[in-house]
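Undergrad: Here's a structure for you.
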């Protein structure tokens, strides 16, 4: 079984400050990990993914995420937040074992960046 | 580059009516899926397909039917709409079984009165 948790419903940060959106996961094998962003009244857009190799993954719009196997975490980070980063962020996991087609999504974290 | 196209964007139904949400992708993706998004519930998988002629149930399939007669199209049918089916519906696709990301449509907002 696979699962993902986003422990914060909402994250507030001031523009220019660093931001972190947390994600932890559970899989029986090794994970594929993803972050998506959803702007109001839009579909989800892919930000970045971890497959293998370097634990620090860089993605779109200056976002990055760090894979930590021992803590089973994949937190999303950005060094300097923009007001335009305000959106809903989803973490997702797929277990590589068993040829699973289906990702499991977290419940989402609303990021609010204050001017 | 159209990507994943969903129609209609908005729909209002009365309880008991039926309708079909359309989803088409032009990326030759094998995998297609339908999700519903409700406040505080995240994304819940309704049905998915790994290729033409192959469909399977997700987490919340009751009240919905799907078919996959072509690679491009994956319609979602509501047989007898209920107020509990008021939601935003998203279609998503992915190529193959590897570590690729999902491509989402813009969503269809359904209200059942």
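Undergrad: Could you check, for the stretch A:72-79, whether at least one of its residues is modelled with pLDDT of 95 or more and out of contact with any strand residue (DSSP E or B) (no Cβ under 8 Å at 6 or more places or on another chain)?
TA: Yes: the stretch A:72-79 contains one or more residues that are modelled with pLDDT of 95 or more and out of contact with any strand residue (DSSP E or B) (no Cβ under 8 Å at 6 or more places or on another chain).
Undergrad: With the requirement that a residue be within 9 Å of another protein chain (Cβ to nearest Cβ), part of a loop (DSSP other than H, G, I, E, B) and modelled with pLDDT of 95 or more, what does the stretch B:78-101 give you?
TA: Hits for the stretch B:78-101: nothing passes.
Undergrad: Got a number for residues in the stretch A:31-61 being surrounded by 12 or more Cβ atoms within 10 Å (Cβ to Cβ) and within 13 Å of the chain's Cα centre (by Cα)?
TA: Residues meeting the conditions: 16.
Undergrad: While we're here: Inspect all residues belonging to the stretch A:40-63 and state whether any of them is within 14 Å of chain B (Cβ to nearest Cβ), modelled with pLDDT of 95 or more, in contact with a helix residue (DSSP H, G or I) (Cβ under 6 Å, 6 or more places away or on another chain) and part of a strand (DSSP E or B).
TA: Yes: one or more hits.
Undergrad: While we're on this one: Quick check on my filter: what residues within the stretch B:102-111 are buried (at least 20 other Cβ atoms within 10 Å of the Cβ) and more than 8 Å from chain A (Cβ to nearest Cβ)?
TA: B:108, B:110
Undergrad: Any idea which of (1) within 14 Å of chain B (Cβ to nearest Cβ); (2) within 20 Å of residue A:38 (Cα to Cα) is the one residue A:84 doesn't satisfy?
TA: Looking at each condition in turn, residue A:84 falls short on (1).
Undergrad: Yes or no: residue A:74 facing chain B (nearest Cβ under 10 Å) and in a strand (DSSP E or B)?
TA: Details: facing chain B (nearest Cβ under 10 Å): no; in a strand (DSSP E or B): yes.
For residue A:74, the condition - facing chain B (nearest Cβ under 10 Å) and in a strand (DSSP E or B) - is not met.
The values are calculated or read from the model by the stated rules, or taken from the named source; none is laboratory data. All values reported here derive from a predicted model rather than from experimental measurement. Reconstructed Cβ throughout: ideal geometry from the backbone, glycine too, with neighbour counts over all protein chains shown.
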